[in-house]
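Notes follow once the structure below has been shown.
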Amino acid sequence: GLIFEDDVLLAENFQSLLSDYFSETPDDWDVIFIGNGYGIQIPQNKLVSGKKVYLADHPASRCTEAMLVKKSAANKLYNAMRPFTLVCDWEYGWQFYNLGLKVYWFEPAIITQASHALDLGTLQGIPDYFKSTLR
């Protein structure tokens, strides 16, 4: 399943990028974060030239604006996350670790969350209706 929050901005050539990145993703993935999660990135010292898909260290959550989830992982998460006890990003991070899920990050991300980009000042020309109401 592909999950988007309501304020995501897709890369201009999103469809071809998704296909390209996904072709490099190992088959053992359970969850893939395709967004940049409020500017969370792979540390510079771990970047490899030409590499686009990285196995994330736990806690592996990268915010929740855009992620792919395998059906088997979704079932495990659904059963483990009832009742919901933490903020969703933190709950995901805990459950990914607790369930031993393989979580990958696309780097560079192919999704930006508009409200976060506005907060960080990384994008210009985004309509104000994308401004986060969480304060």
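The values are calculated or read from the model by the stated rules, or taken from the named source; none is laboratory data. Here the structure is a predicted model, which is why all the values come from computation and not from measurement. In this analysis, Cβ positions are derived from the backbone assuming ideal geometry, glycine residues included, and neighbour counts consider all displayed protein chains.
Given the criterion hydrophobic (A, V, I, L, M, F, W, C), at pLDDT 95 or above and on the phi < 0 side of the Ramachandran plot, identify the matching residue among 123, 101. Steps first, answer last, please.
Working: 123 fails: at pLDDT 95 or above.
Result: 101 is the single residue among 123, 101 that is hydrophobic (A, V, I, L, M, F, W, C), at pLDDT 95 or above and on the phi < 0 side of the Ramachandran plot.
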TODO: Could you tell me which of the residues 101, 55 is touching a helix residue (DSSP H, G or I) at 6+ places or on another chain (Cβ under 9 Å) and aliphatic (A, V, I, L, M)?
DONE: 101
